[in-house]
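Participant: Here you go, one structure.
FYI, it's all coordinate maths here, none of it is from the lab. All of these numbers come straight from a predicted model, not from anything done at the bench. Here the Cβ positions follow ideal geometry from the backbone for every residue, glycine too, while neighbour counts run over all protein chains shown.
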Amino acid sequence: FRQQSFQLFFIAIIVGNIFTSCKGGQQQFPKEISPKPNIVFIYMDDLGYGDVSAYGAKNIHTPNMDKLANGGIKFTDGHSSSATCSPSRYALLTGVYPWRNKDAQILSGTAPLLIDTAQVTLPKMLKEQGYHTGVVGKWHLGLGSGQTNWNVKITPGPNEVGFDYSYIMAATQDRVPTVYIENGHVVNLDPKDPIKVDYQNNFKGEPTALENPELVTMMWDHGHNNSVVNGIPRIGFMKGGASAKWSDVDMADEFLEMAKAYVKQHKHQPFFLYYAMQQPHVPRTPHPRFVGKTRLGPRGDVIAEADWCIGEFMATLEQEGLLENTLIIFTSDNGPVLNDGYADDAVEKNGSHNPNGGLRGGKYSLFEAGTRVPFITYWKGKIRPQVSDALISQVDVLASLATLVGSTSKGQDSEDLLDVLMGQAKQGRTDLILEAATKTAYRKGDWLLIPPYNGPAINANVNIELGNSKYYQLYNLKNDLSQSRNVAHDNPEKLAELLKSYTAI
Ligand code: NG6
Ligand code: CA
């Protein structure tokens, strides 16, 4: 399709030039001949490679995600830039590997903005090309420049790194402050009940999950025993802001409504919407409509809820007549985890479901399931449905979309893989640095190198293998995708080759 439209484009230019020369230099073709499609980036939080039925899940049905996968490109080797959230989001928006920035780690709710306001970003690049840019959902890239006062305009934040509009939660659903922030202002805040947030000390007299277990309706397992909001114990202490506190079970509907409203409001100019959904990250709080939709307990139910949201969102694009002119990228910020700190039956009710789709590891891990995630591009009428085994990372989104919209901006580590995203080429990256909790691994071709690291082999709290070993690990993913055989010892030359390129980067 793209080739055809390119051919038409060039014919148009030639004809245009003939016209131009005939008419004494007047431009006859409108600038819009280079199309600027709307772009929607749908980001799931902790959705694993095996959590989508199009990727093999049997016990969770995700018909709407499947429609994207089956009607677009289903990538089998698509990666988040990190095995945790903030670093992945940092790389997505800046095109820079997260390990280059020592602060790109899981951020607290009071962390300052991680992105330098002078940095190139995905939304800035698109804005420069005439796009209206919006973010709805989870931010988790820090806000403010140190001591944030939540009761005045919170800045810098998304609006200072390229978003014209923002409707966000500051960090994660399990971290305070548990409020929505619209363009820097806490939504529904009563000035007479100011918000205070602290990650070190509690506020005098305020209840916590440890001291007031009677307030808790969702039991914590590890961490998550500070302030209690809506019966859910959180990370961090918060006081005040009663009227501004979100309702957890309504969060999916809230973000969906804002995402739909954004599209309707900005459909008359090219728009970029970063729709950052909160599922299936903890605490898993499906709306009552979705409770029991799966047999997997809240984790399965919030995936069903998210799938429904995507269906509703797509329906809006269709009703507004935007589907043929909108590129959709769907993926997840890191791999899956069952018990991530709450006793919510994710482990007990998991049954035979395999959230990591047979890959080793999970969230927090240098093994494949840490970063290999569902990754889909969809563009009705433009992208031909197919499966692509190309190696691609979310850090590549910036440079690829820059090419799509005619910009030369790009981040330091972002590769232009537009043709791969559009299904016009099968050759993705030749190599890639993976990251988990500031540790890195190196992928080249089918080979994966994990250098020796101190630290536990398994994070016992979440029951996930992290990839730490005192030995070099080398896996050949072509015949050992589940990383069950460390072949470093048998392939000293390959090991040396990878080590050399890895060290060079
Ligand atoms: C961890 C939290 C986990 C989750 C994670 C961030 C504890 C014990 N664990 O520190 O529950 O919030 O941070 O997840 O507090 S992420 O997807 O945003 O990276
Ligand atoms: Ca995440």
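Participant: With +1 on each Lys and Arg Cβ and -1 on each Asp and Glu Cβ, how big is the dipole of the range 125-183 about its Cα centre, in debye rounded to the nearest 20?
Facilitator: Details: 4 positive and 5 negative charges, 23 e Å.
So the magnitude is around 120 debye.
Participant: Fewest Cβ neighbours within 10 Å first, please rank 309, 85 accordingly.
Facilitator: Going from sparsest to densest Cβ surroundings: 309, 85.
Participant: From the helices alone, meaning DSSP H stretches of at least four residues, give me the mean residue ellipticity at 222 nm for the chain, per-run term -39500 (n - 2.57), in deg cm²/dmol to the nearest 500.
Facilitator: Values: 9 runs with 111 residues, N = 505.
It comes out at -7000 deg cm²/dmol, rounded to the nearest 500.
Participant: Is the range 72-137 rounded, prolate or oblate when judged by the Cα gyration tensor, a ≥ b ≥ c being the square roots of its eigenvalues, rounded requiring a/c under 1.5 and prolate requiring a/b larger than b/c?
Facilitator: oblate
Participant: Positive end of the dipole of the chain, charges at C-beta (+1 Lys, Arg; -1 Asp, Glu), about the Cα centre: which of 464, 163, 178 has its Cα farthest in that direction?
Facilitator: Highest projection toward the positive end goes to 163.
Participant: Could you state, as a whole-number percent, how many of the C-alpha pairs of the range 393-505 are farther apart than 19 Å? Numbers along the way, then the final one.
Facilitator: Details: 3474 of 6328 pairs.
For the range 393-505, the share of Cα pairs beyond 19 Å comes to 55 percent.
Participant: Compute the normalised compactness of the range 139-291: alpha-carbon radius of gyration over 2.2 N^0.38 Å, N being the residue count.
Facilitator: Numbers: Rg = 16.0 Å, N = 153, 2.2 N^0.38 = 14.9 Å.
Cα Rg divided by the expected 2.2 N^0.38 Å: 1.08.
Participant: Here's a follow-up. Which distance in Å, rounded to a whole number, links the C-alpha centroids of the range 335-397 and the range 208-234?
Facilitator: So the two Cα centres are separated by 29 Å.
Participant: Give me the Kirkwood hydrodynamic radius of the chain in Å, from all C-alpha pairs, to one decimal place? Working shown, then result.
Facilitator: Values: mean 1/r = 0.0426 Å⁻¹.
Across the chain, the inverse of the average 1/r is 23.5 Å.
Participant: About the Cα centre of the chain, what is the dipole size in debye to 20, counting +1 per Lys and Arg Cβ and -1 per Asp and Glu Cβ, all else neutral? Can you show the working numbers first?
Facilitator: Values: 47 positive and 52 negative charges, 197 e Å.
Approximately 940 debye in magnitude.
Participant: Average the reciprocal distances over every distinct pair of alpha-carbons in the range 51-179, invert the result, and give the Kirkwood radius in Å.
Facilitator: About 16.3 Å, per the Kirkwood formula over Cα pairs.
Participant: My understanding is that a pair violates if its Cα-Cα distance is over 27 Å; which of 349/426; 382/444; 67/293; 264/363 do that in this structure?
Facilitator: 349/426; 382/444; 264/363
Participant: For residue 196, go through the lysines and keep the ones whose alpha-carbon is under 17 Å away, minus same-chain ones fewer than eight residues off.
Facilitator: Hits, sequence-local ones excluded: 153, 204, 239, 245.
Participant: Based on Cβ point charges of +1 for Lys and Arg and -1 for Asp and Glu, what charge dipole magnitude is obtained for the range 349-505 about its Cα centre, in debye rounded to the nearest 20?
Facilitator: Dipole magnitude for the range 349-505 comes out near 380 debye.
Participant: While we're here: By the gyration tensor of its Cα atoms, with a ≥ b ≥ c the square roots of the eigenvalues, what is the shape of the range 333-392: rounded for a/c under 1.5, prolate for a/b over b/c, or oblate?
Facilitator: It is prolate, given that a/c is not under 1.5 and a/b is the larger ratio.
Participant: Tally the DSSP beta bridges in the chain and give the antiparallel ones as a percent, rounded to 5.
Facilitator: Percentage antiparallel, nearest 5: 55.
Participant: Helix hunt in the chain: which complete DSSP H runs extend at least 30 Å axially by C-alpha with mean Kyte-Doolittle at least -0.5? All intermediate terms of the calculation are to be shown ahead of the outcome.
Facilitator: On the way: long enough: 298-319 (31 Å, 0.00).
Helices meeting the span and hydropathy rule in the chain are 298-319.
Participant: From zero outward in steps of 10 Å, how is the percent of C-alpha pairs of the range 290-341 spread across the bins?
Facilitator: Values per bin, smallest distances first: 21, 38, 28, 12, 1.
Participant: On to the next question. Mind checking which aspartates and glutamates have their Cα closer than 18 Å to the Cα of residue 102? Skip sequence neighbours fewer than 8 apart in that chain.
Facilitator: List returned: 116, 413, 435.
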